[in-house]
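Down below is the structure, laid out as structure tokens.
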Amino acid sequence: MRDGNRTRWTTRGTRPRFPGPAATAVLTALMLCVPSILSGEAKVTAIKGGDIYTITSGIVRNGTVLVKDGKILRIGQGIDIPKDANVVDVRGKVVMPGLVAAATMFMPAAGSGSDKIADSLDPFNYSLSMALASGVTSIFAAGRGGPGGGPTAVIKPTYGDLEHMLLKEPAAENINVAGYQWMERTNFILKMRQAKDYLRKLAEYEKAKAKNEKLEAPRKPPDIDACLRLLRREMPGRLRAARAGEILKALELVNEFPFRLVIEGGTEAWTVADAIAARDVAVIVTPRVKQRPDEDISQPSGSNVENAAILKRAGVKFAILPATPYFSTGGFVGRDLMTLPMDAAAAVSGGLDEQTALEAITITAARILGVDDRVGSLQEGKDADIIVLGGHPFHYDTFVEMTFVDGKLMYEKNKSIYFSHIRRYDDKVPGLPSDARRGDPDALPPRELQRGANP
Amino acid sequence: MRGNSRKMVLLAWVSFLSTLAWTCPLGRQASARADTSGTSGTPERVVAIKADRIDTVTNGVIQNGVILIRGTKISEIGTNVAIPGTAEIIDAGKQTVFPGLVSPVSDIGLSSAQRGGPASHARYRVADVLYPYQHEYQRVLQAGFTTLGLVPRGQGVAGQGAVIRPAGRSREEMLVAESGMIWIEFRADGRMKDVIRKALESAKNKETSDDPDVAAMIRALQGKIPTFVSCARPADTIHLLDLLKERDKMKLVLVLGIESHRIAERLVKEKIPVVIPASIEFELFTLTRINEPDLLARAGVQIACVPESADVEGLEDFRRQMAALVKCGLDGQTARKAMTIYPAEALGLDYRLGSLEKGKDANLLVLDGDVLDATTTIQKVMIEGKIVYENPWEKSQ
Amino acid sequence: MRPTWLLGAMCAFAWTCCVSSVARADAGGAATPAAQQSSSPKYAIKAGKIVTMKPKPVAGDSRAVEVINHGLILVSAGKIEAIRPTDANVPQGYTVIDASDRWAMPGIVESHTHVGTEGGFNDMVVSLNPELCISDCVDPEDIAVRKAVTGGVTTIHTMPGSGTNIAGFTVIVKTAGATPEERIVRKLGAMKIANAYNPERDGGDLGRTRMAMSWMVRYMLEQAREYTEAWRAYEQDNSRPKPQLKPELENMRQAFEGKIPTIIHTCEGWGVMQAIRIFGDENKLRIIVTHGEGGGYTIGREAAKRDNVSVNVGPRLVDHTWGAEYDGRMHGIVSEYCSRGVDEMSINTDSVGWSSYIAPQEELCFQASMAARLGIDDLTAMKGITINSARALGIDDRVGSLEVGKDADIVIKKGTHLDVASPVDLVLIDGKIAYQRHGANLVADKSSPTRQKESQS
């Protein structure tokens, strides 16, 4: 193709971006050398000495996680470590499952509605190396949606490794009906009714077939496969709804069709929390979203940092996402997926308990994506997607120090170009005691979860 | 009847021989030129080139050597070569002789790429649309290229490329290989993969086919012609290699770009030769430069270099680009091979091209210095024993 | 420089503002009277930890501030009346605020924002607009300003710009208060300049190149300098000819007389250096270099060397894809300036409107948290949103630290400003409760100061 005055051989396309010279050298060296000191497949890896936040079974202090063949083998205090194990010393650190982003990581290469994300995964995309640096090890991805919604998947940031990148495909049906787009909504409802009707006829046919073999199977209407998956609850349906009215209209759909609904956005979910809780509906919220209240109505409206806390009280399951649901390099800090725990921390400032906040970026998000059998918590048998943090995840200072995906160490902060130069100033500046973060035992109530310091 | 059939046979022989004479234009022309008496004779031309330095590329540099050419081929090469009396002697003096450069992938002189989404039409051949009467080919020749691979652009299985010598006045004179390689442009997505899969399926376990698309794919699958696949990103390459897991006898050559060193290990393991532009790029967001060809070569990949840009200016600048790669770490000998023998191997034509060896085509350059020196000029270009270009300019120093 | 008809029109318009401008001009540099004393309640705040931001060198370390454990702050007449280091007796008539398990810190001071500027903050017909004052149209009831209080932001420096080279003059207001006039800390906050980037979006009909922008600004500054000189000479000796009053230069005179700073939006090394050179060196103005991203920190040492230069960073806090060093690293901008000797740095949000994508005003503390994350110590980060901002703006006689005699702008929460997981519980502005998080219930009745159990919301 002609590109200005020069004809290029290969289309430039989307240039993959990658970590930088130091990490490049590391990666190249690894590729050139005999594989792979990082493999850990035959050997056991022992991540030893940290405070292990399992998420689903409490905190194991000063514990060990044993990893083998990419899976978690055992977790506990004082467990036996095989002699030839690769021991990773994480004393003083926090060990957690890799974070789960229920975000929509847009996959540009996926074209028409029939394309599969698996066919266009780019394991050298720069977002993957940023995901590793941020401790996000499962990400929801969606292709460009056609009228029926596009392809969806959950991917792992296995940089350089295509084989292990896809965790699940498809992961959801995209329902592109916002509350006010009546044509799309009508079409959706009609199709769902057709599908529902078909299923009823199919069930009747199955019953009647036993008695009368000559009975003809009901004719399947065209283009209802996605609807069938929804009605059979094989896949959840994802739908964007922010305002209370939009949410209620989404719930109306669930009234008529019993599918698993996931509401993305849910800005005003706090105003209709009980209605949401009454149905099996999950929400993906952004605690720090800002939406002005509607001055024309008398009910509460607009955004509310207490959204997550209110949903929790009502019994609604939710995952948490930042306002910018991807990895950004524009220079703004703390507004995108690179600092996902900060959004969960914001929910805590709105009254949510820390445990639920942690779940919202791990196990609950995994459940919403349908991958909780494999990721989202530290349990025996689950994938060894593990992150080691320098302190409590909700502390603004805490960086991801190490990221393991499928048991392989894929990121180390002090060896990566991104943050290895960031040193915390010696915080023994007089006048602001270092217990600023650990809490002054005199002045403050004891804290359940400690906030540690970075080295 | 008998008498008639004998006449028929005689007629057939005469027409065959005269056709043979007509269809050996190079031989005709060569003899026409070499023979100063002007007779178009058939006796084999003998040329002897003497030079201070003969860089064979594959067998080292011969000092004060002689290359003896009979007809179109190198018949002998070395220091103690007997030169027959009838030989035309070209005394290159202190100059260097180097094999003619081989550029395996180019689209010079062809019309622009097909538009539209990925499709499979292996039957389209560059050889059928070759238009020899273009000034660009003369410039390509003067830049030192004695062999040029021409490819049809287009997404998917675009067609069959041709290999030409950029000299000659007719299609026949130019063509070295009418069906030089299958050219595929690949990008990882569902539609493209479907297209490739279908093309492969159609030719699998078949020996022949009436369908020209399928027939071409059969030859590719059986390794009778190389299959060149262009992939922009390392991700595309990985998807492609997974798709071609059972490629059997296919002779795969990958045409890659920036960041391909990330998959060097796999390329080495699967022994896939690579065609790569001779350019130094910046790593994104940084001021760090990457010498991609060097990184690949050091990993053990066999690289054939093409210019940064695929147009005539690119080819004219190619030696300087290769010299820049060497300045930035690429091994000098590897660079020379990447301009000659490795591209020839990628094209499957290394049995006759790419180095100065006995039995190979006499395609060579006479230079007034090292080929990788930017100040060096090409003094003479020879294709198959015939001088097709002589530099008219005399250097002042 | 400008077409005469336009100049005439502007003069006519400016004249109508002139009267009020002149009336305020002489008070432009001084603080307006603080909140009325008449209706101020009295409070006694029992705090577990008081971080005053008042300098108190410890063992030779001049960065240290005074921190008092288990202290008592007395508030009356809108000011801090006393800070007692022990659990002293609560005097009669003071309502107790029981924050004994919480921290008390100075109200956060925003040094660069655009909230509350209804009616537009970029007048982009001509490139130089020194006659425009945002104080004339600031809307303190804007949702962004109301929400700011919930994040502990008590004083904001809101401004026009940066669509043009001289956008006009800013205003400093409190984020809550009884009347709009009471809330104004200073009507002329600073002179707002943008020496490149945004104005290059064809902000004016002249001067699209940076050369032309520099020239126009220099020209304007020279006029203002001469104008200031002429008035100074006249004021010293009335026999000299009285200079003609020029409304568009009256405001600039405040800057040249050192009463207000000049804040300059700029980026990259060249831009920061130009700002320092033209405004700081040539015109001897007190300047605040703001933004300074894209590799501006490479000029850090030049800023550090000069007393009249202060650096204000934000909204971007990291240089990665746009920077000077292009080495793939995430360079924390504040940290890079600090390591080159720049101290007293302030941090901003550059907030506009109230949205999820641009840092909203109430998240100034979060900007400081992120700056700390990228390589500065907590104290520097906290100073960057309190005392350093106040000092850069020249309002540290009133705000920025908890000291006797200063405005009672106090934030109470569990933990520091920087802690993302704990909310602001109570905010006092000018000695009045501007915000209490529902469920916090810290304000007790005079008679029985029992602390109610806080509800876990």
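When we screen C:Ala178, C:Ala196, C:Ala167 for residues that are closer than 15 Å to C:His114 by Cα, in contact (Cβ under 8 Å) with a residue 40 or more places away in the chain and of a type in the set (Gly, Ala, Ser), the only hit is C:Ala167. Among the residues of this structure, C:Gly415 counts as one that is surrounded by fewer than 24 Cβ atoms within 10 Å (Cβ to Cβ) and either of a type in the set (Gly, Ala, Ser) or not assigned by TED's automatic domain parsing to the domain that holds C:Thr170 (or both). All conditions in (1) surrounded by fewer than 24 Cβ atoms within 10 Å (Cβ to Cβ); (2) of a type in the set (A, V, I, L, M, F, W, C); (3) touching a Leu at 6+ places or on another chain (Cβ under 9 Å) hold for C:Ala190, with the sole exception of (1). With the requirement that a residue be surrounded by fewer than 24 Cβ atoms within 10 Å (Cβ to Cβ) and within 14 Å of chain C (Cβ to nearest Cβ), what does the stretch A:359-390 give you? The answer is A:Gly390, and nothing else. In the stretch B:219-271, the residue that is surrounded by the most Cβ atoms within 10 Å (Cβ to Cβ) out of those that are within 8 Å of chain A (Cβ to nearest Cβ) and of a type in the set (Lys, Arg) is B:Arg233. For A:Val400, the conditions (1) closer than 21 Å to A:Ile155 by Cβ; (2) free of Cβ contacts under 8 Å to residues at least 60 places away in the same chain; (3) touching a Gly at 6+ places or on another chain (Cβ under 6 Å) are fulfilled apart from (2). Considering only the stretch C:317-338, I want to know if a residue exists there that is within 28 Å of C:Lys79 (Cα to Cα), touching a Lys or Arg at 6+ places or on another chain (Cβ under 9 Å), in the same structural domain as C:Asn122 (by TED's automatic domain parsing) and in a loop (DSSP other than H, G, I, E, B). No, the conditions are met nowhere in the stretch C:317-338. Right, B:Lys271: out of contact with any helix residue (DSSP H, G or I) (no Cβ under 8 Å at 6 or more places or on another chain) and at positive phi or not? So B:Lys271 passes the test. The single condition among (1) outside any loop (DSSP other than H, G, I, E, B); (2) surrounded by 24 or more Cβ atoms within 10 Å (Cβ to Cβ) that B:Glu201 does not meet is (2).
What strands (runs of 3 or more DSSP E) lie completely within the stretch B:252-364 and have 3 or more residues being closer than 23 Å to B:Phe98 by Cβ and in contact with a strand residue (DSSP E or B) (Cβ under 7 Å, 6 or more places away or on another chain)?
Hits in the stretch B:252-364: B:274-277, B:303-306.
Listed by position, the strands (runs of 3 or more DSSP E) enclosed by the stretch B:52-111 that each have at least 2 residues that are closer than 19 Å to B:Arg352 by Cβ and within 14 Å of chain A (Cβ to nearest Cβ) are B:101-106.
A count restricted to the stretch B:272-285 and to residues that are touching a Lys or Arg at 6+ places or on another chain (Cβ under 9 Å), within 12 Å of chain A (Cβ to nearest Cβ) and closer than 14 Å to B:Ser230 by Cβ stands at 1. The strands (runs of 3 or more DSSP E) falling completely within the stretch C:339-445 that include 1 or more residues that are among the β-branched types (Val, Ile, Thr) and within 21 Å of the chain's Cα centre (by Cα) map to C:410-413, C:424-429.
Flag: B:Glu308 does not match the condition of being within 13 Å of another protein chain (Cβ to nearest Cβ) and either surrounded by 22 or more Cβ atoms within 10 Å (Cβ to Cβ) or hydroxyl-bearing (Ser, Thr, Tyr) (or both). For the stretch C:317-335, residues that are more than 10 Å from chain A (Cβ to nearest Cβ) and buried (at least 21 other Cβ atoms within 10 Å of the Cβ) total 1. Somewhere in the stretch A:125-132, is a residue surrounded by fewer than 22 Cβ atoms within 10 Å (Cβ to Cβ), part of a loop (DSSP other than H, G, I, E, B) and either at pLDDT below 90 or not β-branched (Val, Ile, Thr) (or both)? No; the residues of the stretch A:125-132 include none that is surrounded by fewer than 22 Cβ atoms within 10 Å (Cβ to Cβ), part of a loop (DSSP other than H, G, I, E, B) and either at pLDDT below 90 or not β-branched (Val, Ile, Thr) (or both). Can you spot a residue in the stretch C:93-116 that is touching a residue at least 24 places away in the same chain (Cβ under 8 Å) and part of a helix (DSSP H, G or I)? Taking every residue of the stretch C:93-116 in turn, none turns out to be touching a residue at least 24 places away in the same chain (Cβ under 8 Å) and part of a helix (DSSP H, G or I).
At least 1 residues that are touching a His at 6+ places or on another chain (Cβ under 8 Å) and closer than 25 Å to A:Thr104 by Cα in each: list the strands (runs of 3 or more DSSP E) lying fully within the stretch A:177-293 that qualify.
In the stretch A:177-293, no matching strands (runs of 3 or more DSSP E) lie anywhere.
Each residue in the stretch C:204-252 was checked for being charged (D, E, K, R) and buried (at least 22 other Cβ atoms within 10 Å of the Cβ), and 2 pass.
Selection of the stretch C:123-145 for residues being of a type in the set (S, T, N, Q) and over 19 Å from the mean Cα position of the chain (by Cα) yields C:Ser127, C:Asn129.
Restricting attention to the stretch A:295-321, report how many residues are part of a loop (DSSP other than H, G, I, E, B), in contact (Cβ under 8 Å) with a residue 40 or more places away in the chain and within 13 Å of another protein chain (Cβ to nearest Cβ).
5
Just checking, does the stretch C:309-316 include any residue being among the small types (Gly, Ala, Ser) and at pLDDT below 95? Yes: the stretch C:309-316 contains one or more residues that are among the small types (Gly, Ala, Ser) and at pLDDT below 95.
Of the residues making up the stretch B:174-218, those that are within 14 Å of chain A (Cβ to nearest Cβ) and of a type in the set (Lys, Arg) are B:Arg187, B:Arg191, B:Lys193, B:Arg197.
The values are calculated or read from the model by the stated rules, or taken from the named source; none is laboratory data. Just so it is clear, the structure is predicted and the values come from calculations on it, not from any experiment. FYI the Cβ positions are ideal-geometry reconstructions off the backbone, even for glycines, and counts take in every protein chain you see.
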